[in-house]
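Trainee: One structure, pasted below without further comment.
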Amino acid sequence: MDWSKVKVALVGERWVEESDSGSNTAFMRQKLLQNKAAKAHFIPMKTHHAQIEQAQSRVEANYQTIPRPYSMVVLGMGLDGHTVSWFPKAQGLSQELD
């Protein structure tokens, strides 16, 4: 596989610094983007902005660079059953999924 032609982006991220143990960006860099896969173009979701609302337009612009349709999407699941930041019993979740 020519990893230099691969774009990797997150579906969800905690708005924490990469040094935080909960950072999905850090997890991707440590677990996936190693060896040959280090040549992939990684598009992190977290920016330098303190508040996610301040970063929204930058994040959206970054994600617009990913060609559609997506070739593949991989979703994980947390120990509590959450996926892509949809947490079980979260307020408003059932309405959003209907």
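Trainee: Which residues, counting only those in the range 27-61, are within 19 Å of W3 (Cα to Cα) and in a helix (DSSP H, G or I)?
Mentor: If the condition is that a residue be within 19 Å of W3 (Cα to Cα) and in a helix (DSSP H, G or I), then F27, M28, R29, Q30, K31, N35, K36, A37, A38, K39 are the ones that fit.
Trainee: Of the conditions (1) surrounded by 10 or more Cβ atoms within 10 Å (Cβ to Cβ); (2) modelled with pLDDT under 90, V74 satisfies every one except a single condition; which number is it?
Mentor: The single condition V74 does not satisfy is (1).
Trainee: Filter the range 28-52 for residues that are surrounded by 16 or more Cβ atoms within 10 Å (Cβ to Cβ) and closer than 20 Å to T83 by Cβ and give the result.
Mentor: Selection gives M28, P44, M45, K46.
Trainee: Being surrounded by 10 or more Cβ atoms within 10 Å (Cβ to Cβ), acidic (D, E), over 14 Å from the mean Cα position of the chain (by Cα) and in a loop (DSSP other than H, G, I, E, B) is the requirement here; does D20 meet it?
Mentor: Against the criterion (surrounded by 10 or more Cβ atoms within 10 Å (Cβ to Cβ), acidic (D, E), over 14 Å from the mean Cα position of the chain (by Cα) and in a loop (DSSP other than H, G, I, E, B)), D20 qualifies.
Trainee: Restricted to the range 74-87, and to residues that are in contact with a strand residue (DSSP E or B) (Cβ under 9 Å, 6 or more places away or on another chain) and free of Cβ contacts under 8 Å to residues at least 24 places away in the same chain, which residue is farthest from A9 (Cα to Cα)?
Mentor: M77
Trainee: Is it fair to say A90 is touching a residue at least 12 places away in the same chain (Cβ under 8 Å) and either under 14 Å from K7 (Cα atoms) or not in a helix (DSSP H, G or I) (or both)? It would help to see each step written out before you state the result.
Mentor: Values: touching a residue at least 12 places away in the same chain (Cβ under 8 Å): no; either under 14 Å from K7 (Cα atoms) or not in a helix (DSSP H, G or I) (or both): yes.
Answer is no for this residue.
The values are calculated or read from the model by the stated rules, or taken from the named source; none is laboratory data. Quick caveat, the model's predicted, so the values are computed rather than measured. Quick reminder, even Gly has a Cβ in these numbers, built from the backbone with ideal geometry, and neighbours come from all protein chains shown.
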